[in-house]
Ligand SMILES: C[S@@+](CC[C@H](N)C(=O)[O-])C[C@H]1O[C@@H](n2cnc3c(N)ncnc32)[C@H](O)[C@@H]1O
């Protein structure tokens, strides 16, 4: 398949008609600096993105939404992206139709005027959708009618949140959240578990691959019944719940209080009693807790100097490192090498045709 936006929008780095070639090129690039043992291809080559973020903009009097063009701040309206779940396009079209019909203004961060900023969609594996409309101002006359119209056009929508984000930063999901329809979350099944996912919480963009990653992590880490695990950067507790089946206890930590609230709800939902969750920066917590095994799944920037120092002092027996940015994994491996030996890496093509890959390695204390 070919995409008319290739090289215009910045999402894909490899032509979309040859998946094997794109995977080979990515693995070759990463193998130059990491010892790669295993590569797991994307189980679904196209339409694997279940989280989609569109930014609104105005073009020739029309409200449009799209993605950034490569290497520039320019936005490109993308219709029918081959990476995104098709329901995303359907919801986007319904939102744009209404926005143009009611002349809803696009937010201007320079003067704080206007309304529409981003549309953030999350779609469950069974095809239900959470819609989060990120706006720059609170007053949204006719909001109930707007939501009713979206629901009529897209019955798959199970939740609609309005997120009022007035801050002039590039962080999309911050501000005050108001649920206008639904229970305030989307429900998804992963492995043996169900997860409730709120608009402001992290959840992997490619859930089918997330299940494969978590299984592989559990298989390679081999946690035993007498071990306590610290799941740093735990999000809504996905890895914590997978590991709790084998561990004595799992403690999850995340800096985002919404994620920790979600993780606690997910533990209850799944009848999981040997987990606890704490809202904290990992570097403020990891000294005070006792644990045998550490799991880290940090943002692209990696672990940070303070946390690395803490790991080297605390010396857990094993570390599972899940990384969405292999260069950071490499840098952190080097810093931890004085106390740990890292096993070869498993690569997961979680983000097919882009230049990103997910990586997993297990480290053992010398
Ligand atoms: C890549 S996500 C991983 C989430 C989870 N492991 C999963 O697979 O769904 C990274 C998470 O780290 C959290 N985070 C970022 N910086 C943090 C910090 N300094 N301390 C604790 N959590 C942090 C974010 O809120 C986010 O939930």
Does the range 333-351 contain any residue that is touching a helix residue (DSSP H, G or I) at 6+ places or on another chain (Cβ under 9 Å), part of a helix (DSSP H, G or I), without any contact (Cβ under 8 Å) to a residue 40 or more places away in the chain and farther than 18 Å from residue 214 by Cβ?
yes
Residue within the range 279-290 that is assigned by TED's automatic domain parsing to the domain that holds residue 210, within 14 Å of the ligand (Cβ to nearest atom) and assigned to a strand (DSSP E or B) present:
yes
Quick one: how many residues across the range 291-301 are within 13 Å of the ligand (Cβ to nearest atom) and part of a strand (DSSP E or B)?
3
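The rows are residues; the columns are (1) under 16 Å from residue 359 (Cα atoms); (2) more than 12 Å from the ligand (Cβ to nearest atom); (3) surrounded by 18 or more Cβ atoms within 10 Å (Cβ to Cβ).
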residue: 195; (1), (2), (3): no, no, yes
residue: 216; (1), (2), (3): yes, yes, no
residue: 220; (1), (2), (3): yes, yes, no
residue: 228; (1), (2), (3): no, yes, no
residue: 234; (1), (2), (3): no, no, yes
Checking the condition over 28 Å from residue 183 (Cα atoms), more than 13 Å from the ligand (Cβ to nearest atom), in contact with a strand residue (DSSP E or B) (Cβ under 6 Å, 6 or more places away or on another chain) and without any contact (Cβ under 8 Å) to a residue 60 or more places away in the chain, which residue from 247, 267 passes?
247
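The values are calculated or read from the model by the stated rules, or taken from the named source; none is laboratory data. Remember, predicted model here, so these are calculated numbers, not experimental data. Glycine also receives a Cβ, built like all others from the backbone with ideal geometry; neighbour counts cover every protein chain displayed.
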